[in-house]
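For reference, the structure is listed below as structure tokens.
The values are calculated or read from the model by the stated rules, or taken from the named source; none is laboratory data. This structure is a prediction, so every number in the text was calculated from the model and none was measured. Here the Cβ positions follow ideal geometry from the backbone for every residue, glycine too, while neighbour counts run over all protein chains shown. Accessible surface is based on the protein model in full, side chains and every heavy atom, while ligands, DNA and RNA are left aside. Shrake-Rupley method; radii C 1.70, N 1.55, O 1.52, S 1.80 Å.
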Amino acid sequence: MSIFGLFVVYILIWWVTLFTVLPFGVVGQNEKGEFVKGSDPGAPTESKIKKKVIITTVIATVIWIAVSLIIANDLLSWDVIADFLNIDKLTES
């Protein structure tokens, strides 16, 4: 896989991981009892976005390394998937 391809895979994994991590530890204004006039009661009191970006980067990097190793060592290919699904080969050898 090219450097650009590896970069694209990392960015995709990073964004999916970010949206997975974002809801953790969120305390809404209604839960804390501190309301800001004009805002939604479910809005978070503290976003802790810097901490979540760091956690996201660590998790995404670990996942990306695993995916990169799987791709680099041909542990998963279209032929492996075709064999698993018991269908005709998708590429010719």
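At a glance:
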| quantity | calculated |
| --- | --- |
| Directionally averaged shadow of region 20-66, computed from the convex hull of its alpha-carbon atoms, nm² | 3.6 nm² |
| The chain - percent of accessible surface contributed by carbon and sulfur, probe 1.4 Å | 70 percent |
| Using θ = phi - 60° and Karplus 6.51 cos²θ - 1.76 cosθ + 1.60, couplings along region 30-41 (whole Hz; Gly, Pro as x) | 5, 6, 8, x, 10, 9, 9, 4, x, 9, 6, x |
| Size of charge dipole - the chain - debye, nearest 20, with Cβ of Lys, Arg +1 and Asp, Glu -1, no other charges | 660 debye |
| Hull-based mean projected area of the chain, where the convex hull spans the alpha carbons, in square nanometres | 9.5 nm² |
| Accessible solvent surface per residue of the chain, calculated while the other protein chains remain in place, 1.4 angstrom probe, Å² | 79 Å² |
